Amino acid sequence: VPPQQADPGARPGVDAAPESGRWAIVAALDPSYPLPAAVAEAAAENPVDERPPLALLRDGLQAGRLEGLAALARLCAPAELGTLLHDAGSHLRPAAVDWLLAHGANPETMVEGETALSALLGHGGEGAAAIEVLLAHGASPAGAGGLARFLAACPQRDQAARGHEQLALDLFLAGADPFALSAAGDPPLSLAVRLGWLRLLDA
């Protein structure tokens, strides 16, 4: 079959193969095609990595190696990229969260009934940097109990309490629910009292 032959959508095989992670076929059809870094390195010693773009993208982000990942991101739908925002440890990698959002990830993608932002609220101050990135990209903190969940996860006498109070204010101003109770049954008001966050109390 002529390798240049296109499908009914006028797309040649070398453009279709990357979407399903068929990197060996890509390399055979066009040896000059720029393979993702993880695939190219593996191909030097082993058969070409046949994992789909989303799996390669996840590995690259977790390793902090961004070279070649933009091409993979273009092969994924916004909702697929949005699932990567939920990866374990994303609260420790705000740069990866920012990269995904800048490359089209949908911040409202739900996994197990939660958006990435609502899941991060349960990490309290540990998730602050990633929460700020999501808010900056327009993610919504709306939903019952989100503010209480964040406050309950912020320990008292935290060294970074002032910055976390400002983030709690930002969440409140962005639409986080100020009334729903935490999992332990505490309203945000009493949690703010325990934390000594007077500006949040005033708000």
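Under the combined filter of DSSP loop state and at most 12 neighbouring Cβ atoms within 10 Å, the stretch 56-152 retains these GluC sites (Glu not before Pro): Glu67, Glu112.
In the chain, the calculated helix contribution to ellipticity at 222 nm averages -13000 deg cm²/dmol per residue, counting -39,500 (n - 2.57) for every DSSP H run with n ≥ 4. Considering only Arg162, Arg58, Arg74, the mean-square fluctuation computed in a Gaussian network model of the chain, springs between alpha carbons under 10 angstrom, is largest for Arg162.
As an exercise, find the ratio Rg/Rh for the chain from alpha-carbon atoms, using the Kirkwood inverse-distance average for Rh. Over the Cα atoms of the chain, Rg/Rh equals 1.14. Its Cα centre serving as origin, the chain has a Cβ charge dipole (Lys and Arg +1, Asp and Glu -1) of approximately 360 debye. Treating the Cα atoms of the stretch 104-203 as identical point scatterers in vacuum, please give the log10 of the normalised Debye intensity I(q)/I(0) at q = 0.19 Å⁻¹, two decimals. One equal scatterer on each Cα of the stretch 104-203 leads to -0.84.
Only one residue of Leu56, Leu75, Leu101 has its Cα farthest out toward the positive end of the dipole of the stretch 48-203, where Lys and Arg carry +1 and Asp and Glu -1 on Cβ, and that residue is Leu101. With semi-axes defined as the square roots of five times the eigenvalues of the C-alpha gyration tensor, the equivalent ellipsoid of the stretch 1-120 measures 29, 17, 10 Å, largest first.
May I ask for the angle, rounded to the nearest 10°, between helix 161-173 and the longest principal axis of the chain, with both axes built from Cα atoms and the value confined to 0 to 90°? Approximately 80 degrees, to the nearest ten.
Using Cβ point charges alone (K and R +1, D and E -1), the dipole size of the stretch 68-117 about the Cα centre works out to roughly 220 debye.
Taken together, the values in this text are just the output of simple stated rules run on the coordinates, not laboratory data. Predicted model only: the values in this text are computed from it and were never measured. For neighbour counting, all protein chains shown are included, and Cβ atoms are generated from backbone atoms with ideal geometry for every residue, glycine included.
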